[in-house]
Amino acid sequence: MNRDILFIEGAKSFIHQAVVNKLEQADFKVHRVRDDINEIALHKDASNLVLYYPTGSRDYIETVTIFLLDLCEDEDKTLCVIGDKYDVEIIERIDEFKRIFKSYKRPVDMNKLVNDMGQLSDSHDELRRKKTILIVDDDPDFLKIMSRWLQYDYRVDTVRSGTEALLYVASCDPDLILLDYEMPGMSGYEVLEAIRSNIMMTHIPIIFLTGMDDKETVLQILQRRPDGYLLKTQRKEDLLDALERFFVDSIMHDEEAEKPKFSILNRPAGM
């Protein structure tokens, strides 16, 4: 399996070399590229895993960061950042949609960095496999919109009730269920309980969909312990980013032989 990494750096230093040495000792092929937009564009196909070590002025770091965020989003690459505390915090403030997968502030635990990079590299084959998502909602218009948004990145199936959802999972094995929390008849919570109580289905992750973002509703959802929740009102770009991050997180936790940690994909203000 290829273990390539695109290492974006400014002026080379002993710290940069130490990072490269550690990665190469772990059998990575490190492609060192200067933090120049033209240079990055020229070498962007070297790897789907990008590690950026920011240097230079605040304005320069912001320019390179925005370019990398857009590049990684458009071409399904995973972006991580390593560097001095101040520089990393500049980038984290720019990254309002949380597209950077991991950030490492100096002093860096190099063993953890190498372990994380290895897991991310190994997970990309699984990430490129087209996932199947089942969407469960009683609103046919919402199902059409969601199907249209997700159809290019995922295989999408839809059903309009909790009963249909249980019939579906009895014969199919989706990679994820997006489940309306406020459905009439059999509620989203009842569907979740039915799936979690069946030993053959407990591995299927479930994310609740809700049109309510008030504190009381969110607390009720959190008490149900789904694998996450998403607001129906969010933008397409935010939805796709949240789903990609969820699958990356799940794969990495699976490789660590852990049950995936509870993932909050949206959090209302004040919580």
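Since every read-out is calculated from the coordinates, none of them should be taken as a lab result. Keep in mind the model is a prediction, meaning the values are calculated, not measured. Note: ideal-geometry Cβ built from the backbone for every residue, glycine included; neighbour counts use all protein chains shown.
If you go through the stretch 162-216 and keep only what is loosely packed, with under 15 Cβ neighbours inside 10 Å and of a type in the set (A, V, I, L, M), you end up with LEU167, ALA170, ILE199, MET200. Restricted to the stretch 232-248, and to residues there that are assigned to a helix (DSSP H, G or I) and touching a strand residue (DSSP E or B) at 6+ places or on another chain (Cβ under 8 Å), the residue that is farthest from ILE135 (Cα to Cα) is VAL248. Starting from the stretch 9-25, keep only residues that are under 17 Å from VAL81 (Cα atoms), then list their pairs with residues that are part of a helix (DSSP H, G or I) whose Cβ atoms are within a distance under 7 Å, requiring at least 6 positions of separation or different chains. Sorted first by the residue in the stretch 9-25, then by its partner, the pairs are GLU9/HIS16; LYS22/MET110; LYS22/VAL114; LEU23/VAL114; LEU23/MET117.
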